[in-house]
Amino acid sequence: MTQTSQFLDQPVASADLRNVMGCYLTGVTIVTLAGPDKKPYGLTVTSFNSVSLSPPLILWSLDNRNDKLPMFQDTRGFAVNIMAADQLTLCKTFASADNDRFSNCNWRFGAYGQPLLENALANLECRPWAEYDGGDHTIFVGEVVSIKQNKGKAAAFFNGKLGQHEG
Ligand SMILES: Cc1cc2nc3c(=O)[nH]c(=O)nc-3n(C[C@H](O)[C@H](O)[C@H](O)COP(=O)(O)O)c2cc1C
């Protein structure tokens, strides 16, 4: 047996994976949706990525412990807001225990009824395409049905810290 196959028998420790993923620099998004009563909900997300151009698909993953999981599983749509460098405070607010997240920012409902954060680098409205088991997360794939893009510097996440990408 080679050394490599011995390693392949064992998954790595979750702390090691968390550490190594910290050195993969990402942008920062806030994923939003309108609840059944149209009440907006959103959370900070870095697991966002593109999947397919035709059809236009993106993905992100939600922690299964999040009590809004059933809402995302039942929704007719959600939005991904790609955050700008000057919106780091909002990124923190939407990852905190603050229950009044939307009172701290300007937002509006988009053409497909999802909450869009103003002055984000981009707003993508999506309708559900697929949902997959992702271990302790649920992976949501969305079909992008509308896009708004602004120019500017990006919010970034690296080594556990929020920062600014100079562009
Ligand atoms: C930089 C950053 C990235 C995050 N990415 C994700 C993610 O991809 N998926 C997820 O479920 N939570 C992610 N979180 C955690 C949620 O934003 C956080 O737990 C939030 O408070 C969950 O919303 P809730 O308080 O309404 O449950 C991230 C937090 C931070 C600070």
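General observations
- If you look at the Cα atoms of the chain, you get an Rg and a Dmax of 17.0, 59 Å.
- Once backbone amide H atoms are built at 1.01 Å from N, Leu116 has Arg108, Phe109, Gly110 as its partners under 5 Å, excluding neighbours fewer than 5 places away on the same chain.
- Qualifying lysines (Cα of each under 19 Å from Cα of Lys92; at least 8 residues distant if same chain): Lys68, Lys153, Lys161
- Highest to lowest packing among 18-24, 82-88, 29-35, scored as the average C-beta count within 10 Å: 29-35, 82-88, 18-24
- For the peptides 38-50, 116-128, 69-81, the ranking by mean Cβ contacts within 10 Å, running from highest to lowest, is 116-128, 69-81, 38-50.
- When shorter helices are ignored and each DSSP H run of at least 4 residues is given -39500 (n - 2.57), the per-residue value for the chain at 222 nm works out to -4000 deg cm²/dmol.
- With the convex hull drawn around the C-alpha atoms of segment 12-72, the volume per residue stands at 126 Å³.
- Nearest-0.05 FRET efficiency for Arg65 and Gln10, computed from C-beta distance (R0 25 Å): 0.50
- Computed Kirkwood radius, in angstrom, where 1/r is averaged over Cα pairs of segment 96-165: 14.7 Å
- Of the solvent-accessible surface of the chain, computed with a 1.4 Å probe and all protein chains present, 53% belongs to carbon and sulfur.
- With DNA, RNA and ligands ignored, accessible area of Asp100 (1.4 Å probe; Å², nearest 10): 90 Å²
The values are calculated or read from the model by the stated rules, or taken from the named source; none is laboratory data. All values derive from a computational prediction rather than experimental measurement. Using ideal geometry, Cβ is built from the backbone for each residue, glycine included, and neighbour counts are taken over all protein chains shown. We work out accessible area using only protein heavy atoms, side chains counted, and drop any ligands, DNA or RNA first. Shrake-Rupley method; radii C 1.70, N 1.55, O 1.52, S 1.80 Å.
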